[in-house]
1. Return the residue satisfying two criteria in turn: it lies in segment 176-194 and is of a type outside the set (Val, Ile, Thr) and in contact with a Pro (Cβ under 6 Å, 6 or more places away or on another chain), and of such residues it is surrounded by the fewest Cβ atoms within 10 Å (Cβ to Cβ).
2. Applying the selection to segment 79-98, what residues are under 26 Å from Lys181 (Cα atoms) and within 19 Å of the chain's Cα centre (by Cα)?
3. Could you check segment 273-308 and list, in sequence order, the residues that are buried (at least 19 other Cβ atoms within 10 Å of the Cβ) and either modelled with pLDDT under 95 or of a type in the set (S, T, N, Q) (or both)?
4. Of the residues in segment 1-23, how many are outside any loop (DSSP other than H, G, I, E, B) and within 11 Å of the ligand (Cβ to nearest atom)?
5. Any idea which of (1) under 18 Å from Ala36 (Cα atoms); (2) in a loop (DSSP other than H, G, I, E, B); (3) touching a Leu at 6+ places or on another chain (Cβ under 6 Å) is the one Arg299 doesn't satisfy?
6. Can you tell me which residue within segment 57-82, out of those that are polar (S, T, N, Q) and either touching a helix residue (DSSP H, G or I) at 6+ places or on another chain (Cβ under 9 Å) or in contact (Cβ under 8 Å) with a residue 40 or more places away in the chain (or both), is surrounded by the most Cβ atoms within 10 Å (Cβ to Cβ)?
7. Of the residues Phe106, Phe41, Phe78, only one is more than 16 Å from the ligand (Cβ to nearest atom) and either modelled with pLDDT of 95 or more or over 23 Å from Gly243 (Cβ atoms) (or both); which?
Amino acid sequence: MLANRIKLIPPSPTLTINAKAKAMRAAGEDVISLAAGEPDFDTPEHVKEAAIKAIREGFNKYTAVGGIPELKEAIISFVQKEYNLKYSQEEVLVCCGGKQALYNLFQVILNPGDEVIIPAPYWVSYPPMVLLAGGKPVIVQTSEENGFKVTPESLEKAITPWTKAIILNSPSNPTGSVYTKEDLEGIGAILKDKNIWIVSDDVYHKILLKPELKWNCIANLDEEIKRKTFIVNALSKTYSLTGWRIGYLIGNKDVIKAATKLQSQSTSNPNSIAQRGALAALTGPQDFLEQWVAAFRKRATYLMDFFKKIPGIRCFEPEGAFYAFPNVSSFFNLKASDSVKLSEYLLEEAKVAVVPGIAFGKEGFIRISFATSLETIKKACERIKIALERLSR
Ligand code: GLU
């Protein structure tokens, strides 16, 4: 009944688990979700006001497929300030979230059999998006020891004549690791003079958990690398606008033109009201972000202290984003033999929802989102502790 292509992919595990936790809560169960990858902070008032004003002004019709010019300009200014890189409007496509930006991109650059190098742990939707575009995900495992970052050596080994692109995601979902300038130079040296696109998924770039850390984008290395790089970013995490679905793709203008054509045949423009909200978000006050990041830092510190107190858990200290990715493999036993079973056990026994590491291509781990209040995290940790103790008895 169904087309072959849809059989290639599972539903998004992050969204599925989050929906399950919500449904359990709606049914009266006291479930805490540490599965959701979305900030718990409310959308800033001035952003809401701008959207309400847009509706009242009658800004309710189709817009240009690739986004209103004012928003494109605001994105260009934002990127110039944040990345110190200059782009023109024809190099920018506004999409329905960062997700559509990535989806569009793979659809327009991949031919059947083209390979995309994806360092694991990876965000859950990269491999399915590549598969849906007829491409072949080439997973390159990274390790805790090298900070879950792809090394130039392992990257070089993974490159074949069919390699079309590589995805870099820094800060990373799910590990929180951040590539330094030196890391990127190493990767850039391998990619130099090669016909390989670089997809830089930067949706967490404003959420750095260590004040001394500086965020870097590979496109800054040199002109050649910039020409080969696509920037994917979104307003979802930075401005707490997850439900509004506004993200963007920046890069080679011919590819952007093709992606715009694809978008014209799929969703048309991103929501007009949300575009006006996004414009207010990018051009309005930015000070709230500092408080949000300070809250994320506190939560990360709490979680790391908590993990240290539990024998058997080892956790890489996240440097960015709002996820912790602890190694919980020492708890695997007959009752909870892998990360899926352990996550199910935690949901049933502790009533805490987390995402199994295997969803991110890494067995032995679970992802814990700390995009929820410190009180809730503390309560969840208490429950996890008791459930794990029970498991190891
Ligand atoms: N990116 C977030 C996460 O990883 C939101 C859900 C999704 O689209 O995957 O949880």
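1. This residue is Gly186.
2. Result: Val79, Glu82, Tyr83, Gly98.
3. Listed by number, the list holds a single entry, Gln275.
4. 7
5. Looking at each condition in turn, Arg299 falls short on (2).
6. Result: Thr63.
7. Checking each option against the conditions leaves just Phe78.
One line per residue, one yes/no per condition, for (1) touching a residue at least 24 places away in the same chain (Cβ under 8 Å); (2) over 23 Å from Arg383 (Cβ atoms); (3) in contact with a Lys or Arg (Cβ under 7 Å, 6 or more places away or on another chain):
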| residue | (1), (2), (3) |
| --- | --- |
| Ala3 | no, yes, no |
| Ala23 | no, no, no |
| Glu38 | yes, no, no |
| Ala50 | yes, yes, yes |
| Ile55 | yes, yes, no |
| Asn84 | yes, yes, no |
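The values are calculated or read from the model by the stated rules, or taken from the named source; none is laboratory data. Treat the numbers as computed from the prediction; the structure is a model and nothing was measured. For neighbour counting, all protein chains shown are included, and Cβ atoms are generated from backbone atoms with ideal geometry for every residue, glycine included.
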